[in-house]
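The values are calculated or read from the model by the stated rules, or taken from the named source; none is laboratory data. Given the structure is predicted, the values throughout are model-derived calculations rather than measurements. Counting neighbours? That spans all protein chains shown, and the Cβs are built from the backbone with ideal geometry, glycine included.
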Amino acid sequence: MISVLDKKQIQQSFGYASQSYDGMATLQRRVGRQLINKVSLANDALVLDVGCGTGFFTQQLREVAGLENILALDIALPMLLKAQQRVAANVPLICADAEQLPFIDHCVAGVVSNLALQWCANLDVMFVDVKRVLQSKGQFVFSTFGASALHELKTAWAVVDDYPHVNEFFSLAEIGAKLQAAGFVDVQLERRIYRNKYASVIELMRELKGIGAHNVSHQRNKALTSKGQIQAMCAAYPVDTDGQITASFEIIYVQVRNKG
């Protein structure tokens, strides 16, 4: 069962992470470089980048995909202020919730999103809203975390208590079913596993906090985690033969179209 996400906490987490994000978001950039190859839109098409963060993928849309008309949206104003320093001056920056897109019906030819939609509290609603703003045969391309992402960290925390310490993510099958239920066609899904090495569990957790990706569910333990609990979790996390730890990130790439 997916935990209910705390939208206010999400907004605050990414706001706080805006200064450290670019220095730590290596996976996001790697995934973004793969995702850009799946965008297939005319150069003059109007495209919406949802959850643009500091603007890395927005910049890719212009420089790699050659798109000229981009709208960049994020829930956290500090992220948009960082994006403003990176993207072209003629890219409108919009502070809004991805689940309540502030646009009229059928106004954009494409909607794209790089590793942001996993923070939507209700993906079903988000998909329906994307379909609403997309033009006929418009393209929706995004990447998101899959169900097994960070499974090593989840398993280690399960030794400590029964609270969710790591966000839960939808599986490829669940995402596919939600897209079809929303009315999208030509659904193409791809699953990849990326494995990153870290010197310690603390380094992994520091990175997750630095990109705003720590636990933001309503069911999380609101009490401060004790030093003993953290030590117990670290002791339960498997250590590689080289003394490092591995974190697995399941990434799901999605390409769909609106009905004609």
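Some points to look at:
- Scanning the range 127-143 for residues that are of a type in the set (D, E, K, R) and farther than 15 Å from Ser40 by Cα yields Asp129, Lys131, Arg132.
- Of the numbered criteria (1) surrounded by fewer than 15 Cβ atoms within 10 Å (Cβ to Cβ); (2) farther than 23 Å from Asp240 by Cα; (3) under 16 Å from the mean Cα position of the chain (by Cα), the one Phe142 fails is (1).
- For the range 158-182, the tally of residues that are more than 30 Å from Val130 (Cβ to Cβ), of a type outside the set (D, E, K, R) and either loosely packed, with under 14 Cβ neighbours inside 10 Å or modelled with pLDDT of 95 or more (or both) stands at 1.
- Taken residue by residue, the range 68-80 has no member that is surrounded by fewer than 20 Cβ atoms within 10 Å (Cβ to Cβ) and on the phi > 0 side of the Ramachandran plot.
- The helices (runs of 4 or more DSSP H) falling completely within the range 146-212 that include 1 or more residues that are among the small types (Gly, Ala, Ser) and in contact with a Lys or Arg (Cβ under 7 Å, 6 or more places away or on another chain) map to 172-182.
Matching residues to (1) within 16 Å of the chain's Cα centre (by Cα); (2) modelled with pLDDT of 90 or more; (3) in a helix (DSSP H, G or I); (4) crowded, with 22+ Cβ neighbours inside 10 Å:
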residue: Gly15; (1), (2), (3), (4): yes, no, yes, no
residue: Ile36; (1), (2), (3), (4): yes, yes, yes, no
residue: Thr54; (1), (2), (3), (4): yes, yes, no, yes
residue: Thr58; (1), (2), (3), (4): yes, yes, yes, yes
residue: Val87; (1), (2), (3), (4): no, yes, no, yes
residue: Asn90; (1), (2), (3), (4): no, yes, no, no
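- Hey, Asp129 part of a helix (DSSP H, G or I), of a type in the set (Asp, Glu) and touching a residue at least 24 places away in the same chain (Cβ under 8 Å) or not: yes
- Test result for Val185, modelled with pLDDT of 95 or more, closer than 28 Å to Cys52 by Cβ and of a type in the set (Val, Ile, Thr): yes
- Looking across Ala72, Ala109, Ala98, Ala65, one residue alone is in contact with an Asp or Glu (Cβ under 7 Å, 6 or more places away or on another chain), of a type in the set (Gly, Ala, Ser) and closer than 20 Å to Val141 by Cβ. It is Ala72.
- Pairs with Cβ under 7 Å, 6+ apart, first in the range 145-173 and charged (D, E, K, R), second modelled with pLDDT of 95 or more and assigned to a loop (DSSP other than H, G, I, E, B): Glu152/Tyr237; Glu152/Pro238
- Breaking point among (1) exposed (fewer than 15 other Cβ atoms within 10 Å of the Cβ); (2) modelled with pLDDT under 95; (3) small (Gly, Ala, Ser), for Ser217: (1)
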